[in-house]
Amino acid sequence: MGKPIKIKAKIKGDVAEVKALMPHPMESGVRVDADTGEAVPKHYIQEVVCKHNGNVVQTAYWGTAVSKDPYMAFKFKGAKSGDKLEISWRDNTGDTSVSEVEFK
Amino acid sequence: MKLKLLVLVAAMMPVLLLTTSALAADAEAYKSALAIAQETIAEAESKAQMWTTIDQLLEDAQTAAASGDFDKAVEMVNEAKLHADLAVATAEKEKSIWQKGVPK
Amino acid sequence: MKRFLIACFLCMAVANVYATPEQDRLALREFFAQRFPDLDLNELINGLYAFDEGARDQWLEMEDFPPYEIAIEEGEEAYGVSFANGKGYADCFENGGIGIKQNYPRFDPDSGEIITLEYAINQCRTDNGEEPLPWLTGELAAISAYMAYTSRGNNMNVVIPDDPRALAAYEAGKEYYYTRRGQLEFACENCHMQSAGSLLRADRLSGMLGQATHWPVYRSKWGEIGTLHKRFKECNEQVRAKSYEAQSREYRELEYFLSYMSNGMELNGPASRR
Amino acid sequence: MKLERRALIKGLLTAAAVLAVPRWLFAARPDKAFDAKDTETVTSGLFDGPVVESDQITLKIPDIAENGAVVPVTVSTDLPDVESISVIVDNNPTPLAAMFALSPQSVPEVSVRIKMGESSMVRTVVKSGGNYYSTGKEVKVTIGGCGG
């Protein structure tokens, strides 16, 4: 189980603004460990699913070029106070993490 | 090949003649050069003026000595001493002038 | 009365030879005010971003959801965990450790040592029978980040008490800052005063004033949160001077001096940097 | 020079589009496009139609990246019915950095922070109403993001 996702979600007018920060090493497989001199194996998030009250509003597919501790922001319509927002990711090792917040 | 060796020896001749330590570039020569260098290095250390280059040079010297290349080992140690000499010189110069940079 | 007058005389005589820390601080502010007449000096707490608009925009974008928020959260959690003896960090610090970073480093009259915040955190651990944490990154840096976060908005308030040992520590830190060292023969001053705001290869150099307000820092270059002493080590090695151990006497004295120079400036740690 | 290159890539995109049939559906991660080593392979595999430049897309990315390890990117567009937004960095070892599959609920504006190994053309491709639109920007990187 990966570390929890930090989510900031707010509603402005009829648009929900979501920002998420996901603690994750995002190793590209290119970096060389300074101590061992060996390449650090690939370890990166491949897919991030965002659900509003259980419905998928956005899916992000990522390669190795997304920065360490990834940040993502997106917007969608139709959310109101009390609605739930769930964000989950899956990485190339099969590890996952899920976090949920409620719109205020 | 032989010619190369000859040229190399010829090129080394002045060095061999000029530097007494190199005359006997063996384990003993390395040891005594190291002892001399270490004295200066200790002085640099005590004056808070060590360079990162010095440890590296000593390490290289040790590697060379371990492989029997005492000429190179002595050369590296002497280089380390030179760096320590310069570091000590900086320390002495700075003692009297560092205050000049302080805004008054 | 007579004694008082003599004391005053002595004071003035001494002041003529050695500047007091307060005179140093005011002279440093004047230095920056003259070098950057159009700059609000308080902006210097943001380091290089005070000088570089393009970099500043990217930094502000990072601040939207800065990567150090992870460290603050981890630090808060670690801070709340009790030691084996039932005590916790909050028992070691005034006000439970909340909003106190502006007072560090401080001079400890009992031991004569300069106590930095990180030093105090590990002291708290060892006093309670726990193993000390590694100094440069990880849990200690995260706890420091959390404590810094609770101190945001307070003004740096480092005190140099009337004790010759405290003043000597300050003077040693000052000498360290202004002394050229390493194969490249650079003093901290050469980069962060004379060349503050200019480019060194691809790096824009921060100014000395405000340099101590925003630690620990999540450096993109490091990819993690790290302490001020990690940066000290890096700076020294960049000029090819052998660095000291984190929390060595030398670096604690340096931090004491550097922090005093930022007195009166707003704490804004932890921070993110390139 | 720059123009030539752009024209070339555009040509390649068009050529690829003529040949292309839909290779991967967006319901799953287009792994092959993410593994592709050059932009042409990414686009020919990912987009089943011609990609045309559009001024209705805003690609917000710094001209000079502070640090290649963390380059903030925001893509927004006025185009209607946006199905996906992709971010492609030509000179990265694998150019496709991210692809966002949107829903009818989405407002087409996404932000992400990416790594760049060196200075490069960064482009974004938006799928809108079944068609592909793109815009790009040269980004200068002074400290590469591949070292860590």
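Would you check if B:Thr53 is away from chain C (no Cβ under 11 Å), in contact with a Lys or Arg (Cβ under 8 Å, 6 or more places away or on another chain) and either in a loop (DSSP other than H, G, I, E, B) or more than 14 Å from B:Asp26 (Cα to Cα) (or both)?
So B:Thr53 does not fit the description; no.
Are there any pairs with C-beta distances below 9 angstrom linking a residue in the stretch C:182-202 that is assigned by TED's automatic domain parsing to the domain that holds C:Glu53 and polar (S, T, N, Q) to a residue that is open to solvent by less than 10 Å² (accessible area, probe 1.4 Å) and part of a helix (DSSP H, G or I), with the two at least 6 apart or on different chains, and if so which?
Close Cβ pairs satisfying both conditions: C:Gln183/B:Ala87.
Restricting the stretch D:102-120 to residues that are free of Cβ contacts under 8 Å to residues at least 40 places away in the same chain and assigned to a loop (DSSP other than H, G, I, E, B), which is surrounded by the fewest Cβ atoms within 10 Å (Cβ to Cβ)?
That would be D:Pro104.
Here is a list: C:Gly80, C:Gly88. Which entry is without any contact (Cβ under 8 Å) to a residue 60 or more places away in the chain and open to solvent by 40 Å² or more (accessible area, probe 1.4 Å)?
Only one candidate qualifies: C:Gly80.
Any idea how many residues of the stretch C:227-243 are in contact with an Asp or Glu (Cβ under 8 Å, 6 or more places away or on another chain) and open to solvent by 50 Å² or more (accessible area, probe 1.4 Å)?
Total meeting the criteria: 1.
All but one of (1) part of a helix (DSSP H, G or I); (2) open to solvent by 20 Å² or more (accessible area, probe 1.4 Å) hold for B:Ala91, so report the exception by its number.
So the condition that B:Ala91 fails would be (2).
State all residues of the stretch C:32-77 that are buried (at least 19 other Cβ atoms within 10 Å of the Cβ), within 30 Å of B:Gly101 (Cβ to Cβ), hydrophobic (A, V, I, L, M, F, W, C) and within 11 Å of another protein chain (Cβ to nearest Cβ); if no residue qualifies, say none.
Answer for the stretch C:32-77, where residues must be buried (at least 19 other Cβ atoms within 10 Å of the Cβ), within 30 Å of B:Gly101 (Cβ to Cβ), hydrophobic (A, V, I, L, M, F, W, C) and within 11 Å of another protein chain (Cβ to nearest Cβ): C:Phe32, C:Leu48, C:Ala55, C:Trp59.
Report whether or not C:Gly97 is assigned by TED's automatic domain parsing to the domain that holds C:Leu140, small (Gly, Ala, Ser), touching a residue at least 40 places away in the same chain (Cβ under 8 Å) and surrounded by 16 or more Cβ atoms within 10 Å (Cβ to Cβ).
yes
Which of the residues that make up the stretch C:130-144 are out of contact with any Ser or Thr (no Cβ under 9 Å at 6 or more places or on another chain) and open to solvent by less than 70 Å² (accessible area, probe 1.4 Å)?
C:Glu130, C:Leu133, C:Gly138, C:Ala142, C:Ile143
Which numbered condition in (1) among the polar types (S, T, N, Q); (2) more than 12 Å from chain B (Cβ to nearest Cβ); (3) farther than 26 Å from C:Arg35 by Cβ is the only one that C:Gln183 fails?
(2)
If you scan the stretch A:1-26, which residues turn out to be more than 10 Å from chain C (Cβ to nearest Cβ), more than 12 Å from the chain's Cα centre (by Cα) and closer than 16 Å to A:Asp69 by Cα?
Across the stretch A:1-26, the qualifying residue is only A:Met1.
Any idea which residue in the stretch A:41-83 is surrounded by the most Cβ atoms within 10 Å (Cβ to Cβ), counting only those that are more than 7 Å from every other protein chain (Cβ to nearest Cβ) and of a type in the set (S, T, N, Q)?
A:Asn53
Just one of the numbered conditions (1) assigned to a loop (DSSP other than H, G, I, E, B); (2) touching a helix residue (DSSP H, G or I) at 6+ places or on another chain (Cβ under 6 Å); (3) of a type outside the set (A, V, I, L, M) is not true of D:Thr43; which one?
Unmet condition: (1).
Of all the helices (runs of 4 or more DSSP H) wholly in the stretch C:132-247, which have at least 1 residues that are at pLDDT below 95?
The qualifying helices (runs of 4 or more DSSP H) are C:228-238.
Return yes or no: is D:Ser44 of a type in the set (S, T, N, Q), surrounded by fewer than 23 Cβ atoms within 10 Å (Cβ to Cβ) and modelled with pLDDT under 95?
yes
Exactly one condition in (1) open to solvent by 40 Å² or more (accessible area, probe 1.4 Å); (2) in a loop (DSSP other than H, G, I, E, B); (3) within 18 Å of C:Arg219 (Cβ to Cβ) is false for C:Asp110; which is it?
Evaluating C:Asp110 over (1) open to solvent by 40 Å² or more (accessible area, probe 1.4 Å); (2) in a loop (DSSP other than H, G, I, E, B); (3) within 18 Å of C:Arg219 (Cβ to Cβ) leaves (3) as the failure.
Any idea which residue in the stretch A:84-100 is nearest to the other protein chains (Cβ to nearest Cβ), counting only those that are open to solvent by 10 Å² or more (accessible area, probe 1.4 Å), among the small types (Gly, Ala, Ser) and touching a residue at least 12 places away in the same chain (Cβ under 8 Å)?
The extreme case among them is A:Ser99.
In the list D:Pro93, D:Pro72, which residue meets the criterion of being assigned to a loop (DSSP other than H, G, I, E, B) and touching a residue at least 12 places away in the same chain (Cβ under 8 Å)?
D:Pro93
Being more than 14 Å from every other protein chain (Cβ to nearest Cβ) and either under 30 Å from C:Leu26 (Cβ atoms) or touching a helix residue (DSSP H, G or I) at 6+ places or on another chain (Cβ under 8 Å) (or both) is true for just one of B:Ala37, B:Ala44, B:Ala48, B:Ala87. Which residue is that?
The match here is B:Ala37.
The values are calculated or read from the model by the stated rules, or taken from the named source; none is laboratory data. These numbers were taken from a predicted model, which means no experiment stands behind them. Cβ atoms come from the backbone with ideal geometry, glycine included; neighbour counts cover every protein chain shown. Accessible surface is based on the protein model in full, side chains and every heavy atom, while ligands, DNA and RNA are left aside. Shrake-Rupley method; radii C 1.70, N 1.55, O 1.52, S 1.80 Å.
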